[in-house]
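Encoded as structure tokens, the structure appears first; notes follow it.
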Amino acid sequence: MAEIATIARPYAEALFQSAGADAAGTAVWLDELAAVASNEQLRQFADAPKSSSEQVFGVITGVLKSALPVMAQNFLRTVIDNGRISALPEIAAQFRVLKNAQQGSFDAVVHSAFDMDSAALADLSGVLEKRFGRKLNLQVQLQPDLIGGVRVVVGDEVLDTSIKARLEQMKVALTA
């Protein structure tokens, strides 16, 4: 995995420098490209000797929900021409780290048993920012096996207030 990180770093840094003030907008289309590039069938198609760069570019842009700006198209062509499609998810991750460092914020993944509306998410965001002592960018992922409550992951810190975690704690206490 270190090899992919090493390959991705110069791309992420160059893209971050060229994005300038529009780092947030760049992160949106870069995350979309990373999601598409994480598809195994696409990577196999891109690695096939009979697939041209133009065909790979056409497939990727055809799958995207929105049209890419010129900067994104140029970036994608560079990545394809250099055979680095598989590095796109890592490029996006490293770009997010650079963007967050510039903004003084951190990514947080909220695992929830149920879908959260915007008001509940805003309330949770305020509580979590106080708890972790930093500005957070929340991303919600549904995880029904939690039964209830939430599990929040910020970097290497985890706050687990789910019913599943409480049941596990009771199980350990009763069997000890």
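Residues that are open to solvent by 60 Å² or more (accessible area, probe 1.4 Å), assigned to a helix (DSSP H, G or I) and polar (S, T, N, Q) were ranked within segment 1-43; the one that is nearest to Phe57 (Cα to Cα) is Gln41. Contact annotation: residue pairs with Cβ atoms under 6 Å, 6 or more positions apart or on different chains, pairing a residue in segment 161-175 that is on the phi < 0 side of the Ramachandran plot with a partner that is assigned to a loop (DSSP other than H, G, I, E, B), are Thr161/Gly149; Ser162/Gly149; Ile163/Ile147; Ile163/Gly148; Ile163/Gly149; Lys164/Ile147.
Can you pull out every residue in segment 111-140 that is part of a strand (DSSP E or B) and more than 30 Å from Pro10 (Cα to Cα)?
The initial filter retains those residues of segment 111-140 that are part of a strand (DSSP E or B), namely 111-112, 135-140.
Of everything in segment 111-140, those that are part of a strand (DSSP E or B) and more than 30 Å from Pro10 (Cα to Cα) turn out to be His111, Ser112.
Could you please give the count of residues in segment 116-174 that are farther than 25 Å from Lys99 by Cα and in contact with a Leu (Cβ under 6 Å, 6 or more places away or on another chain)?
Start the filter on segment 116-174 by keeping residues that are farther than 25 Å from Lys99 by Cα, which leaves 116-117, 119-120, 142-150, 160-174.
Subset that is in contact with a Leu (Cβ under 6 Å, 6 or more places away or on another chain): 162, 164.
The number of residues fulfilling the criteria is 2.
Filtered by the rule that a residue be open to solvent by 80 Å² or more (accessible area, probe 1.4 Å), farther than 23 Å from Ala19 by Cβ and assigned to a helix (DSSP H, G or I), segment 44-98 gives Gln44, Asp47, Glu54, Gln55. Pairs linking a residue in segment 125-141 that is of a type in the set (Val, Ile, Thr) to a residue that is open to solvent by less than 50 Å² (accessible area, probe 1.4 Å) and assigned to a helix (DSSP H, G or I), with Cβ atoms under 7 Å and 6 or more positions apart or on different chains, are Val140/Leu121.
Report yes if some residue within segment 148-163 is open to solvent by 60 Å² or more (accessible area, probe 1.4 Å), part of a helix (DSSP H, G or I) and either in contact with a Phe, Trp or Tyr (Cβ under 7 Å, 6 or more places away or on another chain) or of a type outside the set (Asp, Glu) (or both); otherwise report no. Even if it seems obvious, please write down each step before you answer.
Taking segment 148-163 and keeping what is open to solvent by 60 Å² or more (accessible area, probe 1.4 Å), we get 151, 155-158, 160, 163.
Checking which are part of a helix (DSSP H, G or I) leaves us with 163.
Now narrow it down to the ones that are either in contact with a Phe, Trp or Tyr (Cβ under 7 Å, 6 or more places away or on another chain) or of a type outside the set (Asp, Glu) (or both): 163.
Yes, the conditions are met somewhere in segment 148-163.
Answer yes or no: is there a residue in segment 94-105 that is in contact (Cβ under 8 Å) with a residue 60 or more places away in the chain and farther than 30 Å from Glu157 by Cα. No, there is no match, as no residue in segment 94-105 is in contact (Cβ under 8 Å) with a residue 60 or more places away in the chain and farther than 30 Å from Glu157 by Cα. Considering Asp107, Asp123, the condition of being surrounded by fewer than 18 Cβ atoms within 10 Å (Cβ to Cβ) and modelled with pLDDT of 95 or more is satisfied by Asp123 alone.
The values are calculated or read from the model by the stated rules, or taken from the named source; none is laboratory data. Just so it is clear, the model here is predicted, and its values are computed rather than measured. As a convention, Cβ positions derive from the backbone with ideal geometry for all residues, glycine included, and neighbour counts pool all protein chains shown. What goes into the accessible areas is simple: the full protein's heavy atoms, side chains included, and nothing from ligands, DNA or RNA. Shrake-Rupley method; radii C 1.70, N 1.55, O 1.52, S 1.80 Å.
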